[in-house]
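Where a number appears in this text, it was derived from the coordinates with a stated rule and is not lab data. Nothing here was measured: the structure is a model prediction, and the numbers come from that model. Using ideal geometry, Cβ is built from the backbone for each residue, glycine included, and neighbour counts are taken over all protein chains shown.
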Amino acid sequence: MAVNLGAVHRCREPSWGVVTNPYGYQAPPGVHFGYPPQLPPRNPNGATAIIAALLGVALCGMVGYLPVYTFIDIPSGVSIGDLPGEALTVIGMYFGAAIVLLLGAMVTLFRSVAGAILLIIGALLALASALLEPALLFRSEYGVYFELVFQFEFDAAIARAAAIALSPVVLVLAAVPPTFRYLRHKPPPPGVYGPQHGYSAPQQGYPSQQGGQPPAW
């Protein structure tokens, strides 16, 4: 019996627009032959942002302790309004730095760029408070001021020394590019990257072959 090879060949040719496997069968649902899978982008390293937030909390505690210490140390019969304007300015700067640092640390841990900006502002304010205090209260006697601070004889001196030491560290960690890269990164929603963008494993329903071999023509 004669076989029309041309007719057999035409039966094997896939129609245009139909994805087929190497044997000419149409690909079942969920199986795609084309580009390799699209991998999701790597998440930026958040070490600098997290360390900046944690050190910001520590710095907040140090500079926030100084106004509290001043209020406790006020003699009886003397009110806050009786303090000189320079002292009130320094107290207000320390208190403001503590509030900004606390907000910045919390917002940074929630992965917002505003948190890093607040940490930068709070660190600058804390450092400015510690460096302007001798100019306002010690008649610019910086030598005497730093000598008293770094003798670590009082809790307030330790808090001031920590403010001077930690402020530049928080400032640098909050301002470096990896911190902003981590805070700006938004993870893709589920399902954006997956098998539908590349090769995928065969699913049930794939046409079975006898003996697992391709058909012989």
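Here the residues 169, 78, ranked from fewest to most Cβ neighbours within 10 Å of their Cβ, fall in the order 78, 169.
Couplings 3J(HN,Hα) of region 49-65, computed from phi: 5, 5, 5, 4, 5, 5, 5, x, 5, 5, 5, 4, x, 5, 6, x, 5 Hz, in residue order, whole Hz [Karplus 6.51 cos²θ - 1.76 cosθ + 1.60, θ = phi - 60°; x for Gly and Pro].
Averaged over residues, the count of other Cβ atoms within 10 Å places the peptides 64-73, 110-119, 50-59 in the sequence 50-59, 110-119, 64-73, highest first.
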